[in-house]
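Participant: A single structure is presented below for examination.
No value in this document is a laboratory result; all are computed from the given coordinates. Values in this document were obtained by computation on a predicted structure and should not be read as measured data. Positions of Cβ are backbone-derived with ideal geometry, glycine not excepted, and every protein chain shown enters the neighbour counts.
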Amino acid sequence: MQDAVPASQISHAPLVGVIGMPIAHSRSPRLHAHWLARYGLPGHYMPLPVMPEHLAEVLRILPRAGFVGANVTIPHKEAVLTLADTVTDRAALIGAANTLIFRPDGKIHADNTDGYGFIANLRQHAPDWQPDRGPAALIGAGGAARAVVASLLDSGVRELRIANRTRLRAEQIKAEFGARLVVYDWAQVGHMLEGATTVVNATSLGMEGKQPLRVPLDALLPGALVTDLVYTPLMTPFLAEAQARGCQVVDGLGMLLHQAAPGFERWFGQRPEVDDEARRIALG
Ligand code: ATR
């Protein structure tokens, strides 16, 4: 018979996972592993493939199994709101959470750091960017777009134009986020870009294996800040064309890196640096 492991030898290193389905291609485990090694911290961060019908049970079990929190990704970002005990105002407003904290009292706290990651990426790579200098134009109205809307409004954007293939989703965002939003028809995206000083692609178009985002860019202001949430490839056809027209472009990888930092700090006690090394690691 095997001897029981003495309690003193059981690892109490904090455990964290990223919950999603599929999850094998997530870049978060290697990013967090890099930060743990870099700061010499005890802890483990692992991919957790979870089917929607098992989400509630998994969230009950993880805190009892030594987990101090989790990231949440597709398709669970909305469902976790109903399973958490407390939800931050911004996660409630966005309608999705990506970061969970399992408290010592067993309660689950849900937050959304995607909007923070979006803005932190722009601040890092375009330090002169002024959100209130002119209208912002957002292409797309899915889950990721909602985090962008919340953060742009927070940053002081005075007019936020939005167009989506399914117009109703853009109308819903306007209904929830208010008067600073102006909805454009999908066919009018080119027109929506006139005079915009900040332009964001929040659709999945341009991603490897998908069609490129095809919108007329003639109205783009040279000098406008243009960013894409798609980061595979880093330089999407949309960003390449905007750059050729004299725009300042920022790729979407930094949003992924920056959204991870607040969670890492909460779970492992150290604010990690988002630098070239972290970028290289996440790119793999
Ligand atoms: P995410 O959480 O990544 O935002 P999502 O909620 O599925 O994912 O949203 C995907 C976005 O890409 C939506 O704005 C979607 O437009 P619809 O709301 O009309 O579906 C947009 N999108 C995806 N494929 C598209 C396509 N072929 N043409 C135009 N927009 C597309």
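Participant: Inside the range 92-115, can you point out the residues that are surrounded by 22 or more Cβ atoms within 10 Å (Cβ to Cβ) and more than 13 Å from ASN71 (Cβ to Cβ)?
Facilitator: Within the range 92-115, ILE94, GLY115 qualify.
Participant: So which residues in the range 120-148 are within 10 Å of the ligand (Cβ to nearest atom) and under 15 Å from ARG161 (Cβ atoms)?
Facilitator: If the condition is that a residue be within 10 Å of the ligand (Cβ to nearest atom) and under 15 Å from ARG161 (Cβ atoms), then LEU138, ILE139, GLY140, ALA141, ALA145, VAL148 are the ones that fit.
Participant: How many residues are of a type outside the set (Val, Ile, Thr) and assigned to a loop (DSSP other than H, G, I, E, B) when one looks only at the range 137-161?
Facilitator: Of the residues in the range 137-161, 7 are of a type outside the set (Val, Ile, Thr) and assigned to a loop (DSSP other than H, G, I, E, B).
Participant: Among the residues of the range 189-203, is any more than 19 Å from ASN164 (Cα to Cα), under 24 Å from the mean Cα position of the chain (by Cα) and free of Cβ contacts under 8 Å to residues at least 60 places away in the same chain?
Facilitator: No, because not a single residue in the range 189-203 is more than 19 Å from ASN164 (Cα to Cα), under 24 Å from the mean Cα position of the chain (by Cα) and free of Cβ contacts under 8 Å to residues at least 60 places away in the same chain.
Participant: Could you please give the count of residues in the range 169-216 that are in contact with a helix residue (DSSP H, G or I) (Cβ under 9 Å, 6 or more places away or on another chain), more than 9 Å from the ligand (Cβ to nearest atom) and among the hydrophobic types (A, V, I, L, M, F, W, C)?
Facilitator: Qualifying residue count, the range 169-216: 8.
Participant: I need the full set of residues from the range 178-209 which are more than 16 Å from PHE238 (Cβ to Cβ), touching a Lys or Arg at 6+ places or on another chain (Cβ under 8 Å) and not aliphatic (A, V, I, L, M), in order please.
Facilitator: ARG180, TYR184, ASP185, THR197
Participant: Among the listed residues ARG165, ARG158, identify the single one that is surrounded by fewer than 17 Cβ atoms within 10 Å (Cβ to Cβ) and within 10 Å of the ligand (Cβ to nearest atom).
Facilitator: Exactly one of ARG165, ARG158 is surrounded by fewer than 17 Cβ atoms within 10 Å (Cβ to Cβ) and within 10 Å of the ligand (Cβ to nearest atom), namely ARG165.
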